[in-house]
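Here the structure is laid out as structure tokens; the discussion comes afterwards.
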Amino acid sequence: MSDLGGARINDGASLNQTARTEGERRRPIGWLRVRRGGGMTWGIGAALFLVLEVILAVGAPFLTGYDPLRGDLDQRLLAPGTAGHLLGTDQLGRDLVARMLYGARISLVVGVVAVTVAGTVGVVAGLVMAYRGGWLDIIGSRLVDVQLSFPFMALALSIAAVLGASLTGIVATLAISSWVLYARLVRSETLVMKQQEFVDAARTMGAPWWRILVRHILPNVVGPAIALGSLEAGRLIVAESSLSFLGYGIQPPVPAWGNMLAEGKDYMARAWWLTVLPGLAVSLTCLSTTLLGDWLTELLDPRQRR
């Protein structure tokens, strides 16, 4: 009887272990992978920071009573913590809180729109090049290789000089400069997916090529593209700030973190906050998008799964 009781206990433990194993198998593998590491914590923290930044940017008119373009020379270069000016004022007496909040609008719009445009063009180009093949793939691949051979900022400066220093011009500049990254990634993923059995089955059943791309291949390659877009958003925000700093981006007096850095560099010795605060905002935003992109890569990229 004791042996039978022990066997029942062992059988029950085995069944519980099997149930736990099956439950883990049914969970998304990426979720388990992230839970074992600290990726989820950093990813959620980065996402919350970006959401807070968006809320502050959208609610800028309600969060500050100052006009970011109107200055008061009697209030110029006030240090952070001054009554009425939490982050101080700049060289023209403009409130820095207002300029930081309105500047966040420019950076976030540029990052999101440029990534969306570049990602859409790159994903479509990569899908078509890889699936159709032939001369279309040869020409498209050589175009991608040629553009990638140019330094990113040198290419962006050249395009910005042609398109002009405006919000639309900056978005177009960054999208044109970065679409090739998505095209190369999606092309390589599509070359693998087009050899899978379910794609052969759809082709055998007479499905048109565009339907195979949209219904069968695109859902399997869009995950890595989204993860790349999250990583690229931070880089494009830094690129926009760099272009504005060099005078090829958003022009003063419109507040943008890049031109705020450019205006404050001459006052670093006596007004450090004019450069430190915009620079810190750019750095934190870039760090958050990078952490979020790493987390999404673990969740969405099949190559990261075990």
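Values in this text are rule-based calculations from the coordinates and carry no lab data. Predicted model, so just to flag it, every value in this text is computed and none were measured. Cβ coordinates were reconstructed from backbone atoms using ideal geometry, including for glycine residues, and neighbour counts include every protein chain displayed.
Less than 15 Å Cβ to Cβ from Pro61, Lys/Arg counted +1 and Asp/Glu -1: what total charge do the surrounding residues give?
Once all neighbours under 15 Å are counted, the net charge is +1.
All other residues whose Cβ lies under 13 angstrom from that of Asp145 are scored, Lys and Arg at +1 and Asp and Glu at -1, for a net of +2.
When the trypsin sites (Lys or Arg not before Pro) in segment 224-277 are filtered for DSSP coil states and for at most 10 other beta-carbon atoms within 10 Å of their beta-carbon, the remaining sites are Arg270. Highest-first packing order for the peptide set 253-261, 134-142, 278-286, 213-221 is 253-261, 278-286, 213-221, 134-142, based on the mean count of other beta carbon atoms within 10 Å. When the alpha carbon gyration tensor of segment 172-301 is reduced to an equivalent ellipsoid, the three semi-axes, largest first, read 43, 15, 8 Å.
Residues of segment 119-150 falling in the label zone of Gln196, defined by backbone nitrogen less than 17 Å from a point 7 Å along Cα to beta-carbon, are 127-128, 130-132.
Dividing the C-alpha radius of gyration of segment 130-195 by 2.2 N^0.38 Å, with N its residue count, gives 1.32.
Grab the beta carbon distance between Thr204 and Arg142, set R0 = 41 Å, and tell me the FRET efficiency rounded to 0.05.
Working: r = 32 Å, r/R0 = 0.79.
The pair Thr204/Arg142 has a calculated efficiency of 0.80.
When Rg and the Kirkwood Rh are both derived from Cα coordinates, the Rg/Rh ratio for segment 70-153 amounts to 1.38.
Phi-derived couplings, Karplus 6.51 cos²θ - 1.76 cosθ + 1.60 at θ = phi - 60°, listed residue by residue for segment 195-208: 8, 6, 5, 5, 6, 4, 5, 5, 5, 5, 6, x, 5, x Hz, with x used for Gly and Pro. Taking a Cβ cut-off of under 11 Å around Leu213, the surrounding Lys, Arg, Asp and Glu residues balance to a net charge of +4, with basic ones at +1 and acidic ones at -1.
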